[in-house]
1. Let me spell it out: the conditions are (1) open to solvent by 10 Å² or more (accessible area, probe 1.4 Å); (2) at pLDDT 95 or above, and Ser68 meets all of them except one. Which number is the exception?
2. Being acidic (Asp, Glu) and under 27 Å from Ser251 (Cβ atoms) is the requirement here; does Asp114 meet it?
3. Looking only at residues that are touching an Asp or Glu at 6+ places or on another chain (Cβ under 6 Å) and among the polar types (S, T, N, Q) in segment 127-152, which one is surrounded by the fewest Cβ atoms within 10 Å (Cβ to Cβ)?
4. Please find, within segment 80-114, the residue that is farthest from Val132 (Cα to Cα) out of those that are of a type in the set (S, T, N, Q) and surrounded by 16 or more Cβ atoms within 10 Å (Cβ to Cβ).
5. All but one of (1) open to solvent by 10 Å² or more (accessible area, probe 1.4 Å); (2) closer than 18 Å to Thr55 by Cβ hold for Cys124; state the number of the condition that does not hold.
6. Could you check segment 234-272 and list, in sequence order, the residues that are open to solvent by 10 Å² or more (accessible area, probe 1.4 Å), out of contact with any Gly (no Cβ under 7 Å at 6 or more places or on another chain) and either part of a loop (DSSP other than H, G, I, E, B) or under 21 Å from Asp110 (Cβ atoms) (or both)?
7. Kindly provide the set of residues from segment 153-197 that are open to solvent by 10 Å² or more (accessible area, probe 1.4 Å) and not charged (D, E, K, R), ordered by number.
Amino acid sequence: MAPLLLQLAVLGAALAAAALVLISIVAFITATKMPALHRHEEEKFFLNAKGQKETLPSIWDLPTKQLSVVVPSYNEEKRLPVMMDEALSYLEKRQKRDPAFTYEVIVVDDGSKDQTSKVAFKYCQKYGSDKVRVITLVKNRGKGGAIRMGIFSSRGEKILMADADGATKFPDVEKLEKGLNDLQPWPNQMAIACGSRAHLEKESIAQRSYFRTLLMYGFHFLVWFLCVKGIRDTQCGFKLFTREAASQTFSSLHIERWAFDVELLYIAQCFKIPIAEIAVNWTEIEGSKLVPFWSWLQMGKDLLFIRLRYMTGAWRLEQTRKMN
């Protein structure tokens, strides 16, 4: 009996090794090249409050604002106003308290089929195009691709990515700023502060089905095992970057859709960029575009392929690249 069990164990190990080699080969062969940092002609401009075209700046220009807020938006005409009202109310009050504080909000319409751009442009008309700008992408790139387009057009010393649904309370940006400052001295002026919902996990589990809870724990395990160590919540869409960290990490990003956060933090840890994880207030907002099972399945595949593609050299870390 013992020899048979040993033979079965050896066979199982051999099959697992063969499967891993096969998956690695598939990951290598199917690896897409890094998305070209290219703008369509229509994406090189924004409309000022008068409706006139102006050329977008570049992240490689010297910063002229203290804070840039990048808001990726896809079919968000209904949810965007709530987020924008809260964000701009906070930013305007902060500027009144501290006239030296300067900001901009960049809404990136990721090829929406609704009136997202028109809704966002009303804020440009109200606050002026120095404070609110709308970039309308010709076609849908995915959340990561939309954020990158906004970041590469930003003017801030620090750059915040914030979801259009307003799930995170915007004033919590001050918590991220403190977390970022606590990481000083920043190596090569690079540091990242990630908003986190990990402290709300027990409460969320009580409201979820067993199946969704199992998916969540499985995803967290794969993130830890394959890609990112020490960050409990990689998916919160509230992250603050120094300008240098944003340009470095997004220049190396391959994934433009749901799992882009994980690759982004994997890149940051490879570059040894310090990362702070900061608890933020968060509320579940209806209208999520994630389809639980299939989205988690796609993310799981992406996580495995992120690790394998970097391990096999199919993907490589890049130095900063300029957009054309």
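The values are calculated or read from the model by the stated rules, or taken from the named source; none is laboratory data. Predicted, not measured: the structure shown is a model, and the values here were computed from it. A quick note on method: Cβ atoms are made from the backbone with ideal geometry, for glycine too, and the neighbour counts reach across all protein chains shown. These accessible areas exclude ligands, DNA and RNA; they are computed on the full protein's heavy atoms, side chains included. Shrake-Rupley method; radii C 1.70, N 1.55, O 1.52, S 1.80 Å.
1. (1)
2. Details: acidic (Asp, Glu): yes; under 27 Å from Ser251 (Cβ atoms): no.
Here the answer is no, as Asp114 does not meet what is asked.
3. Asn140
4. If we filter segment 80-114 for residues that are of a type in the set (S, T, N, Q), which is where we start, we get 89, 95, 102, 112.
Remaining after also requiring surrounded by 16 or more Cβ atoms within 10 Å (Cβ to Cβ): 102, 112.
Numbers: Thr102: 12, Ser112: 18 Å.
Only one residue fits best here, namely Ser112.
5. Going through the list (1) open to solvent by 10 Å² or more (accessible area, probe 1.4 Å); (2) closer than 18 Å to Thr55 by Cβ, Cys124 breaks only (1).
6. Just the residues of segment 234-272 that are open to solvent by 10 Å² or more (accessible area, probe 1.4 Å), to begin with: 235, 243-244, 247-248, 254-258, 266, 269-272.
Within this subset, residues satisfying the condition of being out of contact with any Gly (no Cβ under 7 Å at 6 or more places or on another chain) are 235, 244, 247-248, 254, 258, 266, 269-272.
Matches in segment 234-272: Gln235, Ser247, His254, Trp258, Phe271, Lys272.
7. Across segment 153-197, the qualifying residues are Gly166, Thr168, Pro171, Asn181, Leu183, Gln184, Pro185, Trp186, Pro187, Asn188, Gln189, Met190.
Matching residues to (1) under 18 Å from the mean Cα position of the chain (by Cα); (2) modelled with pLDDT under 90:
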site: Thr168; (1), (2): yes, no
site: Glu177; (1), (2): yes, no
site: Leu180; (1), (2): yes, no
site: Pro185; (1), (2): no, no
site: Ser209; (1), (2): no, yes
site: Tyr217; (1), (2): no, yes
site: Trp224; (1), (2): yes, yes
